[in-house]
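Take a look at the structure set out below.
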Amino acid sequence: SIERVDSKTTSNTKCRVETSNVQFVFVDLGSISSSLLPTSKKSTLTETIVLQGRMEATVDMTTDRAGVEISKNDYKLDSERLEIYTAKGANLYHPVQLLEPIQFSLHCLQRVDKNDGGDSMDVKFACLAPVYISISMQNVALASAIATSLSEAFFEDSVAEVEVDEFCSLSEAETSKIELLNSALEQVGDIDDLNHNRSDHPNDISAHDGNPSKQTKQMLKLRATLPSATITLINDFQGMDLALFKLTTTHCVFGGEVDFPVLSDSESPLFGCNVNTSVLAEYFDSTTFKWENFLVKPWEVTLNCSRSEQSRFPSDRLLTTFDIESHQCHVSFSEHFLVSVGAASRMWSVYSGATRQATELVASTTKDDSNKQRLSRSMAAHAARSLITTLPYALENHSGLNASYSIGEEHLQLPSNSTRFFQFDLFPESGSGGMRNYGQDVKKPRAVTVFVGDTEICIADIDREVGNRHAYFILEYATYIFTYVVKRGNSTVLHLSSQVEMYNLSSLPFRIAIFKDDTSQDLGHLSPIKKEKRKNEIREGNEPLSSHAIFGFPAPLISGFAVDSIENIQIQLIPVTNDNSELFGTLIVPPLQQLINMTGPGKDTVFEVSCSNWKETPFPSLVANVRTNVSFTGDSHPFIQLLIEPRAIMVNKLPIKTLVRTPMPHTYRTEGPQHQVDDESNEIVHSLNHNESVEIFTPGPSIALSMKLATSPISGTTTGWTDGVWKIIPLGKTEKLSSQGLRCLFPFEPTSQKSNQAPFENIGGIEIFILEEEDASPDFADKQNSLEGRKENFNENSTRTLVFTACNVAVDHSGCVLFKEEFESRIGDDKGKKDQPLF
């Protein structure tokens, strides 16, 4: 509505606009284009950001009709249920709230008085309800892509047109016209200079007339009040759903004043402002799924700043002051917070790098088509943003029985030996979209119901079950089903298992079979669990994924093991080697009660499984360890885990690449390319960088090893294989090296002048030690070989690990330093002393 009232001296106009529910929808062009591609596997809904709410605006303008010397403009904007959320598709499916509905009032009063020589504007903002903002990294990336598309659409076309026009060739007539225009402008410039010189004369009339021009200035006053505001930052890249931290401000009051004097272009504005608020911060602990205090106590802070003329000393220079008054700031956080922030930072770097590379590639391939460039850049950003490598939750079925599960109203199948990834729906609170809540803020627990036959297994809150002991359920015919929840990578996984599970902690794949009633039933291929963790497969919704790193023995096949005191389990292990040799090993798990008596509380039992080719030789060719771990549920019901491990692991702790040689079979690198075979000696050689390792499956009571530095020094004498050629390492279950370790020497290779020396005699070398992992500490040379000291650091329930390292290591990170050692010569050198370089 518009209303106008005129009087003799003033004119007043009032304008009022009121809306019901207005939506501003911002669409990502990259998601639109991706959904139209014929090669896409399924239709992709467009991503949008929606600004929605009801508004009421009032404008009241008053002017002086006589000389228009005074005017007053009053602007008011009132908002009710203003909210922001993201959605997909034209029908705005799956809305997720960014800003919960808020109410605010904005009042702006502008006054222009030419008689007083100044303009003033008074702005007041007040929020009438608490503000809740939830921002994720996906939201930031989406908003950035939309903003880039808008800026390119409005500005790049005009810039391109200007650039094209600048390079257009001119005709002779146009050139002559421009020259004439330039000549005329030069003449006008001379006249202006002359008039300017005349106006500076002291007898100039304009400087002494009766109506001198007034200098005007502008004044801006700001006032803002915010009762409470909460901002939550979330990492949801690559399918994650993990809160990072939450910042809450209460009783925030802001006041400021800016004075813009219009005396000259070089004069700076004067200002003064003050802010008073109380801040509370929390971080999300992904291990406990709870909010923890980052600021132990609310942090009250007051900020005052000003820029004005100096009052204490006469000076033309302005004085700027900042005054910060705060209470003590008590900070507390754990390493999990740093890990979460670091992961989010790396993910954002990967996204930014992928987008930047795609933009550069598009710019180089589509130079002549700006529209195609914009579209391709938007599609590249959408593709990098939409990469899904996992989902927040998963169900794994290793029970050997088909099952199903329900999440809310959705009922889905969960076949045996499969994995289903999913995420829970978000529930709206006061806004149109679902609100992301975490930890103590969750109002509706994330419940999952699993159905196995006629048995219903209810998990009231999957997040609260992480790390709890196994729960078991009895089916018909004494069949047991166990459930437990773990945090694996970025997903919370609910396992459905039988009473016995097998893991492969080695780098060697195995095929597993079980004997039942004199028949062998193949269970499948058991891959190394370390390689399964490194896989970067894309998980989409409830797509089934066969898990090869964990096997649950089918519950019907081991039902008698839980109730029969004399029934054991016979398992066949078939290692999958590079030479495709057919090796078979048998593990006999003793009856349940006997196994419990063997393990005891907190102690595992290790079985050595010898694998050989029964048709060729009865002697073992490969030996693996199987560790048994027995844990108990709340009512002392046993759950058994079988862990396949190598007999020992050898790790390179030297800072340089080292060669490890052995004449014995079945040694494998944990990661990277496998060994090389020396054609002359038929020996196996492994090349290990720092912290790389070799897993040993060699049969027999020991293994022979020799080592050599793989790199040559930049100056000085090279070194050869360890002295004595072979070092013997015992491999028995109870065999250990002494706490002093096994001393080795990388001998300096003799020069041609001294080739008549006896090997390894009086030529020196680099001293290293082979140690048990629990003895590998900086002061291991001073340790006593005491049983009590070894028990403190030795973990009986872990794979035996050997390391080779040096007592003193100097690492040059600049690349410009050469370290040398001086020692006395023992071979009758005339100089008596000689310098030898270290690595």
Query raised in the report: Each residue of the stretch 79-96 in order: what ³J(HN,Hα) in whole Hz does its phi give by Karplus 6.51 cos²θ - 1.76 cosθ + 1.60, θ = phi - 60°, with x for Gly and Pro?
Result: 10, 10, 6, 7, 9, 10, 8, 9, 8, 10, x, 5, 8, 6, 6, 6, x, 10
Query raised in the report: What is the local net charge at Leu475, summed over the other residues whose Cβ is closer than 14 Å to its Cβ (Lys, Arg +1; Asp, Glu -1)?
Result: -3
Report task. Determine the distance separating the Cα centre of the stretch 276-298 from the Cα centre of the stretch 403-467; give it in Å without decimals. Result -> 27 Å
Query raised in the report: Between Ser687 and Thr449, what is the label-to-label distance in nm when each label sits 7 Å out along the Cα-to-Cβ direction?
Result: 5.9 nm
Query - ³J(HN,Hα) computed for each position of the stretch 272-279 - Karplus, 6.51 cos²θ - 1.76 cosθ + 1.60, integer Hz, glycine/proline x - result: x, 8, 8, 10, 9, 7, 10, 10
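Around Leu244, with a cut-off of 15 angstrom between Cβ atoms, what is the net charge of the other residues, counting Lys and Arg +1 and Asp and Glu -1?
Details: positive: Lys246, Lys290, Arg346, Arg436; negative: Asp236, Asp241, Glu282, Asp285, Glu292, Glu335, Asp441.
Residues near Leu244 contribute -3 overall.
Quick check on packing: order 236-246, 453-463 by the mean number of other C-beta atoms within 10 Å, highest mean leading. Don't skip to the end; give the middle numbers.
Working: 236-246: 20.8, 453-463: 14.4.
By packing density, highest mean first, the sequence is 236-246, 453-463.
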Query raised in the report: Using the heavy atoms of the protein chains alone and a 1.4 angstrom probe, what is the accessible area of the stretch 425-497 per residue in square angstrom?
Result: 51 Å²
**Report entry** Linear extension gain, Lys733 paired with Asp316, 0.36 nm per residue minus alpha-carbon span
**Finding:** 141.5 nm
Query raised in the report: If we count every other residue with Cβ under 9 angstrom of Leu318's Cβ, Lys/Arg +1 and Asp/Glu -1, where does the sum land?
Result: 0
Report summary line: Residues whose built amide H sits under 5 Å from the amide H of Ser228, excluding neighbours closer than 5 in sequence, are Val131, His251
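Past the 26 Å Cα-Cα mark, which pairs from Lys516/Lys603; Lys14/Lys124; Lys603/Lys657; Lys8/Lys221; Lys88/Lys290? Walk me through the intermediate numbers first.
On the way: Lys516/Lys603 29 Å; Lys14/Lys124 20 Å; Lys603/Lys657 36 Å; Lys8/Lys221 31 Å; Lys88/Lys290 30 Å.
Checking Cα-Cα distances, Lys516/Lys603; Lys603/Lys657; Lys8/Lys221; Lys88/Lys290 exceed 26 Å.
The values are calculated or read from the model by the stated rules, or taken from the named source; none is laboratory data. What you see is a predicted model; the values in this text were computed from it and never measured. For neighbour counting, all protein chains shown are included, and Cβ atoms are generated from backbone atoms with ideal geometry for every residue, glycine included. These accessible areas exclude ligands, DNA and RNA; they are computed on the full protein's heavy atoms, side chains included. Shrake-Rupley method; radii C 1.70, N 1.55, O 1.52, S 1.80 Å.
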